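Okay, structure first, notes after.
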Amino acid sequence: MRQTLFILALLAGCGPLSAGPNGFSQFAWIDADVRFGGLSGLDVSNDGSSFTAIGDRGIFVTGQFIRDANGDISGITNTAVTPLLPPSRSKTPDSEGIAIGASGGIYVSVEAKHRILAFDGIDAHPRALPRHPDFAGMQANSSLEALAIDADGTLYTLPERSGRATRPFPVYRFKDGDWDVPFRIPRRGNFLISGADIGPDGRLYILERHFTGLGFQSRVRRFDLSGGSEVTLMETRTGTHDNLEGISVWASSTGLRMTLVSDDNFRFFQRTELVEYAISN
């Protein structure tokens, strides 16, 4: 059953690009740092005031949101770009997903080398977690796109592609030092996985996107942690948003919100966006 969301889509940055008929405003997020861009994962603080993002060229981006009287994003301040320190002198390629635990530990999924890195802080050298045997056989540039962590510190990761259009997406779980696959989620249509988060409600939120050739469609589905109770929360028309790849769900004073970030792929015709939806139920 599809549930209706009250749309608050906002793009934080330098000013409005347009005001759409669906009741949302858009702001481009522009930063003078030449390393800025390619944002593919996002973690928003519990109170919605600050964030940590991950870029696919190996950067952390941190900052604070400026919010208006309605709680809507009107800008970003105190931004900092910090390169990921690799576990060796080799480059850390294609960092895609981010999850931050209750104790402050940071986890990053790396697509090109199909692994998860654990950081004690953004300025710390990481350690690589053990790999599930499936990781070695994953498709190049289509592996560990999404990463989430629950209240107990258990990690969940999903590949961008499942390997076949009729094959469900496996959900890999890392708990007590071991990997398993507790459930799979169905593929529906042409959408591929681009991000994930576990909200304060303990449910798994999956961000998906589909490139139509004319632009991107985005979709968010929600599941319980057994893979059941599937609900489609949002599905956009082509071009409503840019290439949304990161999702973070948090509790505002008026209810749950999800904040989404787009990857501009360092292309002049794309843009970095922050989009927010209030989840009505």
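In the range 236-257, what residues are open to solvent by less than 30 Å² (accessible area, probe 1.4 Å), more than 13 Å from the chain's Cα centre (by Cα) and β-branched (Val, Ile, Thr)? THR236, the sole residue that qualifies. For the range 258-271, the candidate set comprises residues that are part of a loop (DSSP other than H, G, I, E, B) and within 18 Å of the chain's Cα centre (by Cα); within that set, the residue that is nearest to SER50 (Cα to Cα) is ASP263. Scanning the range 27-43 for residues that are in a strand (DSSP E or B), open to solvent by 10 Å² or more (accessible area, probe 1.4 Å) and either at pLDDT 90 or above or closer than 17 Å to SER95 by Cβ (or both) returns a single hit, ASP43. Any chance the range 179-201 includes a residue that's modelled with pLDDT of 95 or more, in contact with a Gly (Cβ under 9 Å, 6 or more places away or on another chain), under 20 Å from THR236 (Cβ atoms) and β-branched (Val, Ile, Thr)? Within the range 179-201, one or more residues are modelled with pLDDT of 95 or more, in contact with a Gly (Cβ under 9 Å, 6 or more places away or on another chain), under 20 Å from THR236 (Cβ atoms) and β-branched (Val, Ile, Thr).
Residues in the range 44-78 that are farther than 19 Å from ARG267 by Cβ, modelled with pLDDT of 90 or more and part of a loop (DSSP other than H, G, I, E, B): SER45, ASN46, ASP47, GLY48, SER49. Condition first: surrounded by fewer than 18 Cβ atoms within 10 Å (Cβ to Cβ) and hydroxyl-bearing (Ser, Thr, Tyr). Can you find one or more residues in the range 161-171 that meet it? Within the range 161-171, one or more residues are surrounded by fewer than 18 Cβ atoms within 10 Å (Cβ to Cβ) and hydroxyl-bearing (Ser, Thr, Tyr).
The values are calculated or read from the model by the stated rules, or taken from the named source; none is laboratory data. Treat the numbers as computed from the prediction; the structure is a model and nothing was measured. Heads up, the Cβs are rebuilt from the backbone with ideal geometry, glycines too, and the neighbour counts pull from every protein chain shown. With ligands, DNA and RNA removed, areas are computed over all heavy atoms of the protein, side chains included. Shrake-Rupley method; radii C 1.70, N 1.55, O 1.52, S 1.80 Å.
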